[in-house]
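The values are calculated or read from the model by the stated rules, or taken from the named source; none is laboratory data. Source: prediction; values computed, not measured. No Cβ is skipped: glycine too gets one built from the backbone with ideal geometry, and neighbour counts run over all protein chains shown. Remember, those area values only see protein heavy atoms, side chains included, never the ligands or the DNA or RNA. Shrake-Rupley method; radii C 1.70, N 1.55, O 1.52, S 1.80 Å.
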Amino acid sequence: IEIQEKADTIIDIFNATVYKKKSGVEFYSTYKGDFLYLNRKEGKILSICWGKNNELLVGYASGKIEILKGNEIEEIFSYVSGVNDIEFDFKNNRLISCGYDGKIKIWNMADIDAEPAIIEAHNNWVYCFSYDPIQSNIISGGADKSIIISKINIEDLKSLIRKNISANMSYKNW
């Protein structure tokens with residue numbers, strides 16, 4: 001698959017090898033699915049991936065993430081600017097993204113309107129990350145020239161917090 005971007009953002013998913021528009025994205029595919037044409041004005045596409053139910057997840061330079069389900073579009077205003085990388089955690093049904101604001105955000109797709117969990121480990125832009133579903137870690141690289149490994153398994157995080165607090169917290173406190 002090769003994706004090329006031009007002046008305006010247009011996404012074409014088609015049942016052929018090449019489909020071209022005057023301005024927009026040329027999408028090369030052997031995908032045997034439905035045709036989807038979107039004329040979006042969000043600006044440059046910085047990141048793209050597939051979701052659990054064949055949703056197309058698109059991150060834009062504007063900071064917006066769009067979830068494309070058939071002909072429906074759900075928008076998440078996630079960053080002040082640039083969504084540099086997107087990945088989907090199939091095991092836990094989570095959308096993970098990073099951006100120019102130095103944050104990695106983890107969205108629960110079952111409740112996309114809820115606030116995401118946020119990792120703020122970098123001092124500057126987060127350029128990219130990779131999710132390891134076996135270890136439940138995210139490794140990220142940023143403009144601060146650091147590579148950081150962050151644990152995102154909830155049970156592991158609870159254990160780390162318990163080691164550093166003196167009170168015995170109840171389920172309600174969590």
For the residue pair LYS163 and GLU72, what label-to-label distance in nm results when each label sits 7 Å from Cα along the Cα-to-beta-carbon direction? 4.3 nm
What does the accessible area of VAL126 come to, in Å² to the nearest 10, when a probe of 1.4 Å is used? 0 Å²
Per-residue ³J(HN,Hα) for the range 89-103, Karplus 6.51 cos²θ - 1.76 cosθ + 1.60, θ = phi - 60°, Hz, x for Gly and Pro: 8, 5, 5, 10, 6, 10, 9, 10, 9, 9, x, 5, 7, x, 10
A chain fully extended from ALA143 to ALA121 at 0.36 nm per residue, minus the present Cα-Cα distance, gains in nm 6.7 nm
Could you sort 68-76, 98-106 so that the peptide with the highest average Cβ count within 10 Å comes first and the rest follow in order? 98-106, 68-76
Can you list residues whose amide H is under 5 Å from ASN84's amide H, if they're 5+ apart or on another chain and H is modeled 1.01 Å from N? CYS98, GLY99, TYR100
How much accessible area per residue does the range 77-151 have, in Å², with a 1.4 Å probe? 53 Å²
